[in-house]
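Note sheet for the following structure.
The values are calculated or read from the model by the stated rules, or taken from the named source; none is laboratory data. Bear in mind that the values here come from a model prediction, so they are computed numbers and not experimental data. Cβ placement follows ideal geometry from the backbone for every residue including glycine, while neighbour counts extend to all protein chains displayed. For the accessible areas, the whole protein counts, side chains as well, though only heavy atoms, and no ligand, DNA or RNA atoms are used. Shrake-Rupley method; radii C 1.70, N 1.55, O 1.52, S 1.80 Å.
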Amino acid sequence: MHDPFVLEFTGLEQKKRYKESDLKKALLDNMEKFLLELGRGFAFYGRQYVMPIGGRQFKVDLVFYNCILKCYVLIDLKRDEISHGDIGQMNLYLNYFKNEVCMPDDNPPIGIVLGSRRDEVLMEYALEGITNQLFVARYQLYLPKKEELQAQLDKVLNETQNE
């Protein structure tokens with residue numbers, strides 16, 4: 001799984017504030033490029049897929065089917081940092097798909113919560129004990145400039161040498 005996903009093809013401006021709906025629209029407008037970023041075997045299944053659960057309706061942002069893995073892949077987009085509540089919500093979606101949508105010959109669905117930031121420790125605790133295939137990944141709208149990449153590389157090298 002990519003981490004981070006690089007979404008330069010969306011054409012969104014690199015600014016601190018943009019709407020989650022703008023990101024969704026940009027991904028849908030550039031679906032072919034987004035499918036290539038996801039990897040091989042992905043087919044688009046739907047957006048804002050409605051799941052009636054317990055008298056309420058929930059919507060997952062994007063649903064794909066991976067023909068190679070023979071499973072649904074649910075993606076929930078978060079404009080900001082991914083929260084522990086987002087993990088629980090995706091787990092709910094995966095349980096619904098497993099019981100209501102998947103065919104007997106399908107493999108269990110995979111969930112990806114895709115946000116601009118994540119707290120590693122919080123995600124470790126939020127994901128612990130979840131038996132569904134649920135992943136947390138970051139996205140960035142643009143690759144960092146050469147100087148930023150070099151600074152990050154230097155930092156990692158220094159940390160490695162100090163251990």
Inset, instruction - Would you check if there is a residue in the stretch 135-151 being modelled with pLDDT of 85 or more, in contact with a helix residue (DSSP H, G or I) (Cβ under 7 Å, 6 or more places away or on another chain), among the aliphatic types (A, V, I, L, M) and not in a strand (DSSP E or B)? - result: no
Legend entry - Selected residue (criterion: most open to solvent (accessible area, probe 1.4 Å)) from residues of the stretch 62-102 that are touching a Gly at 6+ places or on another chain (Cβ under 9 Å) and among the acidic types (Asp, Glu): Glu81
Inset, instruction - Please indicate, with yes or no, whether at least one residue in the stretch 52-65 is on the phi > 0 side of the Ramachandran plot, part of a strand (DSSP E or B) and modelled with pLDDT of 75 or more. - result: no
Inset, instruction - State all residues of the stretch 95-124 that are hydrophobic (A, V, I, L, M, F, W, C), part of a loop (DSSP other than H, G, I, E, B) and in contact with a Phe, Trp or Tyr (Cβ under 8 Å, 6 or more places away or on another chain); if no residue qualifies, say none. - result: Cys102
Inset, instruction - Filter the stretch 117-129 down to residues that are under 16 Å from Gln89 (Cα atoms) and over 17 Å from the mean Cα position of the chain (by Cα) and give me whichever is surrounded by the most Cβ atoms within 10 Å (Cβ to Cβ). - result: Tyr125
Inset, instruction - Of the numbered conditions (1) open to solvent by 20 Å² or more (accessible area, probe 1.4 Å); (2) touching a residue at least 40 places away in the same chain (Cβ under 8 Å), Asp105 fails exactly one; give the number of that condition. - result: (2)
Legend entry - Single residue of Val50, Val113, Val60 found to be over 16 Å from Ala137 (Cβ atoms) and aliphatic (A, V, I, L, M): Val50
